[in-house]
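Trainee: This structure is in structure tokens; I'll ask about it shortly.
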Amino acid sequence: MEFDNIGKPLTSFQEHYPDTIPDLFASENDHMPSQSFSTSPSKTRDFYVSFRREAISLIFQAQFSCNFDPFVSYLAVNYMDRFVSKQEITQEKPWLSKLLVVASISLAAKMSNSPFSLSHIQGEEGFNFDAQTVHKMEVLILDTLSWRMRSITPFSFLCFFVSLFELNDPTLTQALKDRASETIYSAHNEMKFLEFKPSIIAASAILSASHELFPLQFSSFKASISDCQYVDTESLLKCLNLMQEMVMMQGYESILETVSSSRTPMSVLDRHFMMTNSESDNTCSNTTTTTTTDAIAVAEKRQIKRRKLSDFCSKSGFQISQSNQW
Amino acid sequence: MDNYEKLEKVGEGTYGKVYKAKDRSTGQLVALKKTKLEMDEEGVPPTALREVSLLQMLSQSLYVVRLLCVEHADKRNNTDGKPKPVLYLVFEYLDTDLKKYIDSHRKGPNPRPLSHTLIRSFLYQLCKGVAHCHSHGVLHRDLKPQNLLLDKDRGILKIADLGLGRAFTVPMKSYTHEIVTLWYRAPEVLLGSTHYSTGVDMWSVGCIFAEMVRRQALFPGDSEFQQLLHIFRLLGTPTEKQWPGVTSLRDWHVYPQWEPQNLARAVPSLGPDGVDLLSKMLKYDPAERISAKAALDHPYFDSLDKSQF
């Protein structure tokens, strides 16, 4: 058998052929942390909060030092979450977090065909495990995850949900997917989103992005996603609320950042006004017309971020169209 | 692997031994495919990792043999005492395959044709399974009656032996050095094309379709050259007009000029819809060959109750 997509696994992870959509919904549960995880005793959960935070920061360090695609980190975190939800991790073994991180990154890099050398990340990050130990851990992760390493992620569903909106303008579609991807990456760092299925995360991220970019169409978009037979509306609304909160906090934080660095004394009320102001400008027209210098700075920052992301996405978009040619 | 009681060796697949075994706790029969996991300095090989996980994903379909689990074991090597990692792929067990089934209708105590309803149903399921693989960007490349397992009681057909192409095998040679069958191989592969695609599987599907009707192989060649001659004798020697680029393929030679025969005569009991579908599966130009997905909508299947699938 020829595995046509093996050379381009990233694109096939992220974009699926329309025929495979029902399969995706049917099997996404196999690719998320087990349900018992979110209902586990709070002590275990509390421990995992700090464990996970540390692990994610290690993964990000590795991503930057090895120059990985962010999706490699995404996969590594996914493997780690699924592993931890099925295997007891005790607080007595602090090195385990690092070993799990190293092995998860190694597996994610292999799955994504990203060049990766153990010695490189070990040297860079101060991890120090011999190759055999890491390989044993790899096998333990594989066994625990039943070798289901082609994770179904929210990215797998983006195109499907966007297609429900019947947008005719490819630039709008791209903008929506770009912003949603950005939101998915942010949400993945937060524990509270672990309980949601990948499809629900994708749907919420798309809606949250549409609320920012095309607020007028938001309710019709929401209706079309809610009508989709595969989507549980209750879970969608819960996830969407959390996600919009998260996005708002991020916007607020970035304003605070700018404000505190600009040394302009401002009242809390001013800040609040400015935030809502720049939010709405941003969402209505996607260009900022506020005269407040701070708000412009925020908007510029966002534009840069967005540009970076769309650069990344248009690159992967190119790969996608290539992979569809066979 | 203590959970499974090995009952008998049922074959040597392309990438290792296959055992019939019983799950000790549930009594369920399974097919165990044992394969060496060549661990190198990089740990679990990326190809093995990607292929097994792809197999996991494909086996979600009802028309692909289900991979129940993957078990990993360390075997002590008798000579140097080093552990040898072994991977067991545990598949659902089905007791017969399409080759045995066709054989039992050709020879044996009660030779008789396969019923047209059954042929239609098997072909439909085969197209479903192939469409599933293709929709995930995967080619099977070795579809043949032996690789199509049957659940006779329920009338279900499932595609087996998907996979592990790169990680575990040297493509053309089989594990036991038995002669790999060429009968279902598409002409573009026989002619040395390196850029082949989903059409190679559809060619095989066409050959299998004809074989169910005829109860014998459509193109039983015993060498690559003979295989091509079998095909050309029935379908005519391909021309540049029919198949642009054919004469530039790597292994193209000058062949006798045969005229196409009437395909219906090769499958005498098949009705016009069936012959039409078959002819679309056996188009020379791979780009013109019908896709698995389009085949599912062909009028040949109109009389089939599709709600059961």
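The values are calculated or read from the model by the stated rules, or taken from the named source; none is laboratory data. A quick note: this is a predicted structure, and the numbers were derived from the prediction, not measured. Cβ atoms come from the backbone with ideal geometry, glycine included; neighbour counts cover every protein chain shown. The area values use the complete protein model at the heavy-atom level, side chains included, leaving out ligands, DNA and RNA. Shrake-Rupley method; radii C 1.70, N 1.55, O 1.52, S 1.80 Å.
Trainee: From the backbone phi of region A:195-206, what are the Karplus-calculated ³J(HN,Hα) couplings (6.51 cos²θ - 1.76 cosθ + 1.60, θ = phi - 60°) in whole Hz, Gly and Pro given as x?
Mentor: 6, 8, 5, x, 5, 5, 4, 4, 4, 5, 5, 5
Trainee: What distance in nm separates the simple spin-label points at B:ARG250 and A:GLN244, each placed 7 Å from Cα in the Cβ direction?
Mentor: Result for the modelled spin labels: 5.9 nm.
Trainee: Under 16 Å Cα to Cα from A:LYS192, which lysines show up? Leave out anything in the same chain fewer than 8 places away.
Mentor: Filter leaves A:LYS43, A:LYS238.
Trainee: Once A and B are treated as a pair rather than alone, how much accessible area drops out, both sides summed, in Å² to 100, probe 1.4 Å?
Mentor: Numbers: alone 16700 and 15990 Å², together 29440 Å².
So the total buried area for this chain pair works out to about 3200 Å².
Trainee: From the phi angles alone, apply the Karplus equation (6.51, -1.76, 1.60; θ = phi - 60°) to region B:98-113 and give each ³J(HN,Hα) in whole Hz, x where the residue is Gly or Pro.
Mentor: Running phi through 6.51 cos²θ - 1.76 cosθ + 1.60 with θ = phi - 60° gives 5, 5, 4, 5, 5, 4, 5, 8, 8, 10, x, x, 9, x, 7, x Hz.
Trainee: Next question, about the same structure. Rounded to the nearest 0.05, what FRET efficiency is calculated for A:GLU54 and B:PHE309 with R0 set to 41 Å and r the Cβ-Cβ distance? Can you show the working numbers first?
Mentor: On the way: r = 49 Å, r/R0 = 1.20.
The calculated FRET efficiency here is 0.25.
Trainee: Still on this structure, I have one more. Could you list which residues have their amide H under 5 Å from that of A:CYS228, counting only those 5 or more apart in sequence or on another chain, with H placed in the peptide plane?
Mentor: Distant-sequence amide H within range of A:CYS228: zero hits.
Trainee: Can I ask one more? 5 Å is the cut-off here: which amide hydrogens, built 1.01 Å from N in the peptide plane, fall below it relative to B:GLY16, excluding neighbours closer than 5 in sequence?
Mentor: Amide H to amide H, under 5 Å and 5 or more residues apart or across chains, B:GLY16 pairs with nothing.
Trainee: How would you rank B:286-294, A:143-151, highest first, on the average number of other Cβ atoms within 10 Å across their residues?
Mentor: Working: B:286-294: 17.4, A:143-151: 20.4.
With the highest mean Cβ count within 10 Å placed first, the list reads A:143-151, B:286-294.
Trainee: While we're looking at this one, here's another question. Using the alpha-carbon atoms, what tilt in degrees (0 to 90, nearest 10) does helix B:272-281 show relative to the longest principal axis of chain B?
Mentor: 60 degrees
Trainee: Per residue of A:152-161, how many C-beta atoms from partner chains lie within 10 Å of its own C-beta, taken as a mean? Walk me through the numbers before you get to the answer.
Mentor: Working: counts 1, 0, 0, 0, 0, 0, 0, 0, 0, 0.
Across A:152-161, the average partner-chain Cβ count within 10 Å equals 0.
Trainee: Return one whole number: the accessible area per residue of region B:96-308 in Å², for a 1.4 Å probe. Before the final figure, lay out the partial values.
Mentor: On the way: 9760 Å² over 213 residues.
Result: 46 Å² of accessible area for each residue.
Trainee: Just reorder B:GLU211, B:GLU259, B:GLU42 by solvent-accessible area, largest first, 1.4 Å probe, all chains present.
Mentor: Largest accessible area first, the list is B:GLU259, B:GLU42, B:GLU211.
Trainee: May I ask you to derive the relative contact order of region A:119-216, considering only C-alpha pairs under 8 Å and at least 6 residues apart, and to give it as an integer percent? List each step's numbers first, then the result.
Mentor: Numbers: 54 pairs, mean separation 29.0, N = 98.
Once normalised by length, the contact order is 30 percent.
Trainee: What is the gain in length, in nm to one decimal, between B:HIS72 and B:SER269 on full extension, counting 0.36 nm per residue of separation less the C-alpha to C-alpha distance?
Mentor: Numbers: separation 197, 0.36 × 197 = 70.92 nm, distance 4.91 nm.
Gain in length upon complete extension: 66.0 nm.
Trainee: Related question: Ordering B:TRP243, B:TRP252, B:TRP183 from largest to smallest accessible area (1.4 angstrom probe), what's the sequence? Write out the running numbers ahead of the final one.
Mentor: Values: B:TRP243 15, B:TRP252 50, B:TRP183 90 Å².
The most accessible residue leads, giving B:TRP183, B:TRP252, B:TRP243.
Trainee: Tell me, rounded to the nearest percent, the portion of alpha carbon pairs in chain B spaced more than 37 Å apart. List each step's numbers first, then the result.
Mentor: On the way: 9166 of 47586 pairs.
For chain B, the share of Cα pairs beyond 37 Å comes to 19 percent.
Trainee: For B:LYS34, give me every one of the lysines with a C-alpha distance below 21 angstrom, ignoring sequence neighbours fewer than eight places off in its own chain.
Mentor: A:LYS136, B:LYS6, B:LYS9, B:LYS17, B:LYS20, B:LYS22, B:LYS75, B:LYS82, B:LYS84, B:LYS158, B:LYS173
Trainee: A further question follows. Over the Cα atoms of region B:1-125, compute the convex hull volume and normalise it per residue, giving Å³. Walk me through the intermediate numbers first.
Mentor: Working: hull volume 19.0 nm³, N = 125.
Enclosed volume per residue, from the Cα hull, is 152 Å³.
Trainee: Let me ask you something else. So with the 1.4 Å probe, I'd like the accessible area per residue for region B:4-92, rounded to whole Å².
Mentor: Working: 4130 Å² over 89 residues.
Value for region B:4-92: 46 Å² per residue.
Trainee: Averaging sequence separations of C-alpha pairs under 8 Å and six or more residues apart, then dividing by the length of chain B, give the relative contact order as a whole percent. Write out the running numbers ahead of the final one.
Mentor: Working: 497 pairs, mean separation 47.6, N = 309.
It rounds to 15 percent for chain B.
Trainee: Here's another thing I want to ask about it. Go through B:THR237, B:THR117 and list them by solvent-accessible area, largest first, probe radius 1.4 Å.
Mentor: Details: B:THR237 10, B:THR117 100 Å².
From most accessible down to least: B:THR117, B:THR237.
Trainee: Over region B:96-308, with every protein chain in place, what whole percent of the accessible area is carbon and sulfur at 1.4 Å, could you tell me?
Mentor: Working: 5020 of 9760 Å².
That fraction is 51 percent.
Trainee: May I pose another question? Considering only protein heavy atoms, what is the solvent-accessible area of A:CYS66 at a probe of 1.4 Å, reported in Å² to the nearest 10?
Mentor: 30 Å²
Trainee: Output ³J(HN,Hα) for region A:104-110: one whole-Hz value per residue in order, computed from phi by the Karplus curve 6.51 cos²θ - 1.76 cosθ + 1.60 with θ = phi - 60°, and x for Gly and Pro.
Mentor: 5, 5, 4, 5, 4, 5, 5
Trainee: Okay, moving on. What's the carbon and sulfur percent of region A:45-191's accessible surface, probe 1.4 angstrom, rounded to a whole number?
Mentor: Of all accessible area on region A:45-191, carbon and sulfur atoms account for 50 percent.
Trainee: If you don't mind, another one. Tell me the accessible surface of B:LYS107 in square angstrom (1.4 angstrom probe, heavy atoms of protein chains only), to the nearest ten.
Mentor: Around 110 Å² of this residue is reachable by solvent.
Trainee: What is the calculated FRET efficiency for B:GLU224 to A:GLU166, with r their C-beta to C-beta distance and R₀ = 45 Å, to the nearest 0.05?
Mentor: Details: r = 50 Å, r/R0 = 1.11.
In this case the efficiency is close to 0.35.
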